[in-house]
1. Which ones in the stretch 381-439 are in a helix (DSSP H, G or I), of a type in the set (S, T, N, Q) and farther than 14 Å from Ala473 by Cβ?
2. On the basis of being aliphatic (A, V, I, L, M), crowded, with 20+ Cβ neighbours inside 10 Å, modelled with pLDDT of 95 or more and in contact with a helix residue (DSSP H, G or I) (Cβ under 6 Å, 6 or more places away or on another chain), does Ile346 make the cut?
3. As an exercise: evaluate Ala532 against (1) over 23 Å from Arg452 (Cβ atoms); (2) in a helix (DSSP H, G or I); (3) of a type outside the set (Lys, Arg); (4) at pLDDT below 95 and give the number of the one condition it does not meet.
4. Criterion first (crowded, with 19+ Cβ neighbours inside 10 Å, more than 13 Å from Gln149 (Cα to Cα) and either more than 23 Å from the chain's Cα centre (by Cα) or of a type in the set (Gly, Ala, Ser) (or both)) does Thr196 satisfy it?
5. Restrict the check to the stretch 318-334 and report whether at least one residue is touching a Pro at 6+ places or on another chain (Cβ under 9 Å), modelled with pLDDT of 95 or more and either basic (Lys, Arg) or part of a helix (DSSP H, G or I) (or both).
6. Residue by residue through the stretch 423-481, note down the ones that are among the hydroxyl-bearing types (Ser, Thr, Tyr), in contact (Cβ under 8 Å) with a residue 60 or more places away in the chain and under 20 Å from Leu542 (Cβ atoms).
7. Of the residues that sit in the stretch 502-529 and are charged (D, E, K, R) and in contact (Cβ under 8 Å) with a residue 12 or more places away in the chain, which one is farthest from Thr470 (Cα to Cα)?
8. Given the structure, is Arg303 more than 19 Å from Leu233 (Cα to Cα) and at pLDDT 95 or above?
Amino acid sequence: MANSSSPSAIDLKQIHITLQQEVSGSGGEAYHKVIDRLLEYTRSDKQARQVNTDDELVVVRDLLDLLLRTAPTGVASPESEIKLLKCCGNLVADNDRNREAFIGAGESLQFLRDAIIFETAGDQDQQYERAALALKVAFNLCNDYASGQRAALAADLDRSVLQHIHTCLFISKDDTTDLGTELLADLSQHLKDTGTVKVYEKDFVNQVLRLPCVEDVDQDTFLEMATAIGPYLTLPRFQEAVLAFSQVHLAFELLEKTVFMLSNSPRADEGRTLESVLLRSVTGISTLPDFPLTFATCPDLVRKLSDRCVLTENDADSANLAVCSCILLGNYATDPAAAEVIASQIKMDGLHDFITLKAYRRSRTSTVTGIQDHADYLHAAAGMLRHLALPLDIRLKYFRDQASKQTAMALAQYPHVEVQIAGLRLLRQLIVDDFAGLDHIIHSSYHTALLRLYSEPTTDGRVKLEISRTITALLREAAKPIGVSTAASHASGDIDTPQTPIADATIPTLLAASNLLEPLAYAVTDSKLPLAQAEGYLGLCLILRCSSTKGPQLVSSLIASNDSLLSTMQSTIIGSKDTTTVGGESVQQGEQTTGGEILPLQGPKTDAAATGVALKARDNAIVLLSELLKSENIDDAVRDSLDSIANEAGITLRL
């Protein structure tokens, strides 16, 4: 005789009838007996229940009808509701057909979303029991079932789960925190797949960022919690909410704790992956347009970042905190008022010492194993320093020392393309209106070191262009009259007035450097970027202005030995054959402004801007042509070639 409790002995059709009677309000005592039998049935092995597969679908809907009917009115007793939830949880465990039926039954997910949350007031244990059971039903529904996970995420179950975990941590009920964390991770992995634009409230943002930072959490639990909330931090809308609700400090604290908890743990590899995600997320927040506007509201964070941005030997476990600090401070520093505050708080001596030490050590031991690569940090630090040095008054106050230039030069020689570019851009920023600094650079032979770097066969083409721009910047400052500021030069837009040497020996030393003009020619002939070409022509013009005798000889010799330069000049100038009169024209000075560099060497531009830059290159080429033809110190063959270009272009010279 069959066991009355075995699945084959259970008549689910009769159970369905009884459940429907209860739905209509006439179930009576039979209903409670049926629920007990059904609960016992659902606890049996799934394989043994195969004979009732179709009937189970009907029963799942009946159970949901009862739960949804009693939830708002409280008609069912707590004990009855608990049994209904247990039946549902057992039926959807590892059963995709029942899961589909559950998800498709009206407000079932909304019911779970509300039931998972519980209050700490009243009968706390009873409320927790119900919420914990609802969480387990949701877990069974979603476990290894992507469709269920996506549906639950769309119904905002993730928010309820997160709130449930925080409440459990608050009242020290740990039974469901691990399960909730696993479920949250299952849901959050689909965040980027959802087409729905989510709105994130302040409380939710706060809970996400604080979850892994709870006290007394072990390494494994921390990593699981951080992994569960990690996908939120990669979402642009969530990042915007972090900034809008002034929660950036919490995001940085999460990165801090990640480094502290995992850098030396057995799961360090997973920790580094998480660090990278958090670093990209936090720095991504700092690129939002409103980020600099929040500076005044976070003085404590700024002080912490100012301390953290100086990497030390004690930070060997991870440089990511220093990298993040530099990027955040650099983006704050786009506001001059913020830059002043930040510059006053950073220990510049320590920063310069560490950068210079690491950069020079690496540049001399780049093939030695065991030397940690600090490229990310050096790149971030260089960007921060360049942003800080944009305002003239800050440059005068904090960046006039030789250590600043030495730091930039060390970065320029570090064997990593992005770091080299950042170092060269920083060096150009620092020398604007700094005659003493220019003297130091020339007499310390920084320019010859750059020329050696340019000539190395392994030097990247992008670095060569930046070296060309740096040589132009040195020449620009050398050709600037003493007492004339960058701002004044811009206002007049004219560098045609006689130039006063910066110091008796500086310009001759600069012009005597071997192959000084090679980077300038490279920018003109080898670059496809009009801005780089414009600066190359400008550099050659400035050679002429620095010395009326030596300058023309150098440029003439360069043209005579470089057929590509002459042909490029010809194509640049004759690209537009409208008659041009040249006499007192102004050389367009690249990206020079009071603050330094504005236009990037690379990047998208509008058609109008691109046309303007191309015209700037042509204008500078025409000025170079006219200045050479007015000089008596050029080779006759070069003069003939230049005359031919002028005639073909219809250029009339005023001598």
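1. Within the stretch 381-439, the subset in a helix (DSSP H, G or I) is 381-388, 392-398, 402-412, 417-431, 435-439.
The next check asks that each one be of a type in the set (S, T, N, Q); those that pass are 402, 404, 406-407, 420, 429.
Hits for the stretch 381-439 are Gln402, Ser404, Gln406, Thr407, Gln420.
2. On the way: aliphatic (A, V, I, L, M): yes; crowded, with 20+ Cβ neighbours inside 10 Å: yes; modelled with pLDDT of 95 or more: yes; in contact with a helix residue (DSSP H, G or I) (Cβ under 6 Å, 6 or more places away or on another chain): yes.
Yes; evaluated as a whole, the condition is true for this residue.
3. Tallying (1) over 23 Å from Arg452 (Cβ atoms); (2) in a helix (DSSP H, G or I); (3) of a type outside the set (Lys, Arg); (4) at pLDDT below 95, Ala532 fails exactly one: (1).
4. Numbers: crowded, with 19+ Cβ neighbours inside 10 Å: no; more than 13 Å from Gln149 (Cα to Cα): yes; either more than 23 Å from the chain's Cα centre (by Cα) or of a type in the set (Gly, Ala, Ser) (or both): yes.
Spelling it out, it is not the case that Thr196 is crowded, with 19+ Cβ neighbours inside 10 Å, more than 13 Å from Gln149 (Cα to Cα) and either more than 23 Å from the chain's Cα centre (by Cα) or of a type in the set (Gly, Ala, Ser) (or both).
5. There is at least one residue in the stretch 318-334 that is touching a Pro at 6+ places or on another chain (Cβ under 9 Å), modelled with pLDDT of 95 or more and either basic (Lys, Arg) or part of a helix (DSSP H, G or I) (or both).
6. First pass over the stretch 423-481, keeping only residues among the hydroxyl-bearing types (Ser, Thr, Tyr): 444-446, 448, 454-455, 458-459, 468, 470, 472.
Those left that are additionally in contact (Cβ under 8 Å) with a residue 60 or more places away in the chain: 448, 454-455, 468, 472.
If the condition is that a residue be among the hydroxyl-bearing types (Ser, Thr, Tyr), in contact (Cβ under 8 Å) with a residue 60 or more places away in the chain and under 20 Å from Leu542 (Cβ atoms), then Thr448, Tyr454, Ser468, Thr472 are the ones that fit.
7. Start the filter on the stretch 502-529 by keeping residues that are charged (D, E, K, R), which leaves 504, 518, 526, 528.
Checking which are in contact (Cβ under 8 Å) with a residue 12 or more places away in the chain leaves us with 518, 526.
Values: Glu518: 13, Asp526: 17 Å.
Only one residue fits best here, namely Asp526.
8. Working: more than 19 Å from Leu233 (Cα to Cα): yes; at pLDDT 95 or above: yes.
For Arg303, the condition - more than 19 Å from Leu233 (Cα to Cα) and at pLDDT 95 or above - is met.
The values are calculated or read from the model by the stated rules, or taken from the named source; none is laboratory data. All of these numbers come straight from a predicted model, not from anything done at the bench. Neighbour counts run over all protein chains shown; Cβ positions are idealised from the backbone, glycine included.
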